[in-house]
1. The conditions are (1) farther than 17 Å from A:V155 by Cα; (2) part of a helix (DSSP H, G or I), and A:L3 fails exactly one of them. Which is it?
2. Please find, within segment B:165-175, the residue that is surrounded by the fewest Cβ atoms within 10 Å (Cβ to Cβ) out of those that are touching a residue at least 12 places away in the same chain (Cβ under 8 Å) and outside any loop (DSSP other than H, G, I, E, B).
3. Please go through segment B:151-168 and give me each residue that is within 26 Å of B:P199 (Cβ to Cβ) and within 14 Å of another protein chain (Cβ to nearest Cβ), ordered by number.
4. Is there a residue in segment B:140-161 that is β-branched (V, I, T) and touching a strand residue (DSSP E or B) at 6+ places or on another chain (Cβ under 6 Å)?
5. Applying the selection to segment A:101-117, what residues are surrounded by 16 or more Cβ atoms within 10 Å (Cβ to Cβ) and assigned to a helix (DSSP H, G or I)?
6. Out of (1) surrounded by 17 or more Cβ atoms within 10 Å (Cβ to Cβ); (2) in contact with a Phe, Trp or Tyr (Cβ under 8 Å, 6 or more places away or on another chain); (3) away from chain B (no Cβ under 13 Å), what's the single condition that is false for A:A122?
7. Taking B:L130 as the residue in question, decide whether it is at pLDDT 95 or above, more than 25 Å from A:F139 (Cβ to Cβ), within 14 Å of another protein chain (Cβ to nearest Cβ) and surrounded by 18 or more Cβ atoms within 10 Å (Cβ to Cβ).
8. Looking at segment A:125-144, can you tell me whether even one residue there is within 14 Å of chain B (Cβ to nearest Cβ), in contact (Cβ under 8 Å) with a residue 40 or more places away in the chain and either buried (at least 17 other Cβ atoms within 10 Å of the Cβ) or within 21 Å of the chain's Cα centre (by Cα) (or both)?
Amino acid sequence: MQLDFMVVFSYWQVLAKGLALTLAFTVSCAVLGSVCGFLLSLLRLSKSPLIRIPTGLYVELFRGTPLLIQLFWIFFCLPVVFGISVPPYVSVVLALTLYMTAITSETFRGALKSIPSEQHDACTALGVASWNKVFYVIFPQALLRAVPPLLSNVVSLFKESALISSVGIADLMFVGQNISNSTARPVEFLSAVAVIYFLVAFPLTRLVGVIETRMLRRYAY
Amino acid sequence: MTAPLLVAAQPQASFVPDSAGGDFIQLRDVYKSYGEGLVVMDHLNLDMRADDRLVIIGPSGSGKSSLLRVMMGLESIQGGTISFQGKSYIDGNARNHGKPLDVRLQTQVGMVFQHYTLFPHLSVLSNLILAPMKVHGLSKVQATEKARLFLARLGLESKLNAYPSQLSGGQKQRVAIARALMLEPKLMLFDEVTSALDPEMVTEVQNVMMQLAEEKMAMIIVTHDMHFARNIASRVVFCANGKVVEQGPPAQIFTQPKEPRTREFLEKVLHLD
């Protein structure tokens, strides 16, 4: 069998389109999921069990089941159970956002809890109370500490988003698989797709390290 | 021109170092325990004058830090009363469970902690001006002007835009003192503020405290440094098991303690030093 990696380049436009769709889903669901995850983390700190228990259940449910099941459930079961038709793109965004929300709410909750009690004491000693304390002292520090795990979450989401190809969204994975089938060159195209995923994810994971060593050492401890 | 002052304005009071009485602060029958086993303030009584510098000494677990944390409103008491500047400040039987009753009185107390507790995400300047702007309603220009003055007096004007992580331990602790002084407190609490410092940085922090003492700032200091305690105290209070065992001028406590418990404690710590 002869391998010819040059053939990949003649399909670069199709692959680029797939990558663009993957990135579009990743970015939009990462932004939506981070905002919702942040708000959810605040709800989970609530004293009322009526808020705390359902939100906790949601997070555990989405962290404890495979994303593929969540995706299939929302894609296939949601329309049946509720008798509504959901466009494929919407159900995919919904699934990825719900997943991202669950994992980032844990990230933010951990970051909020990691602020030492002395910071709260210092605020009390200075008379900086309630919203002033939260806005100027606690949130900024929690957000700083949440940046590295948040970026890791985004990298996970980017890679996990390959699963949306299984419901027929023409993302990078879907496109790569299709071409490899139609050209009967799986080695070339699946390898190429892997390399593309890696080239996007690797700088992001490196960035996490840089932020941890430079930014956090200077501003967070 | 007189030397620059760290303290903005202080009430004038005649200085009587030997007096144990005073109506600046009065603790009456104060009770605080953590669960059943550990009583840290056992019907404690203590008085303080406006020009007093109390140094509290005693074995660990004797409630020294708890006293400061209660005065600052960080922890509550379960019984007794505390008055501050003649007004009821904390009531162990009140509905708010022994926390400060009056926020304005609370802001007249400043505290410096063992581990600096600067805000790491803010520059030195922002650390100093946050509370004056949000609590006292100063404009940013006013607060910045004030911060520059305090930093200049402490020899830290070059660190205005530095972040806490870029400062030495001694510098951090001096910034923490400046941050507390920005609110013009009537009482300063120091909770083992040199315990986390490298030996060569202890003096620079103690010098600032001595300067405050010269300017008649009322202070309650918890320290393990007996040499410093002797230098700065107007009165030394020896606490054990949540009670005041003995108090008096430093010369008397350190050379002729009356109580056997005090003598025993001092022999131990001075020997270790």
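The values are calculated or read from the model by the stated rules, or taken from the named source; none is laboratory data. Predicted, not measured: the structure shown is a model, and the values here were computed from it. Please note: Cβ atoms are built from the backbone with ideal geometry, for glycine as well, and neighbour counts cover all protein chains shown.
1. Here A:L3 meets the rest and fails (2).
2. Only one residue fits best here, namely B:S165.
3. B:A162, B:Y163, B:P164, B:S165, B:Q166, B:L167
4. At the first step, the residues of segment B:140-161 found to be β-branched (V, I, T) are B:141, B:144.
Then drop every residue that is not touching a strand residue (DSSP E or B) at 6+ places or on another chain (Cβ under 6 Å), which leaves none.
No: zero hits.
5. Taking segment A:101-117 first, the residues surrounded by 16 or more Cβ atoms within 10 Å (Cβ to Cβ) are A:101-109, A:111-112, A:115.
Result: A:T101, A:A102, A:I103, A:T104, A:S105, A:E106, A:T107, A:F108, A:R109, A:A111, A:L112.
6. A:A122 satisfies every listed condition except (3).
7. Numbers: at pLDDT 95 or above: yes; more than 25 Å from A:F139 (Cβ to Cβ): no; within 14 Å of another protein chain (Cβ to nearest Cβ): yes; surrounded by 18 or more Cβ atoms within 10 Å (Cβ to Cβ): yes.
No; evaluated as a whole, the condition is false for this residue.
8. Applying the first criterion (within 14 Å of chain B (Cβ to nearest Cβ)) to segment A:125-144 yields A:125-144.
Applying the additional criterion that residues be in contact (Cβ under 8 Å) with a residue 40 or more places away in the chain yields A:141, A:144.
Okay, now just the ones that are also either buried (at least 17 other Cβ atoms within 10 Å of the Cβ) or within 21 Å of the chain's Cα centre (by Cα) (or both), so A:141, A:144.
Yes, the conditions are met somewhere in segment A:125-144.
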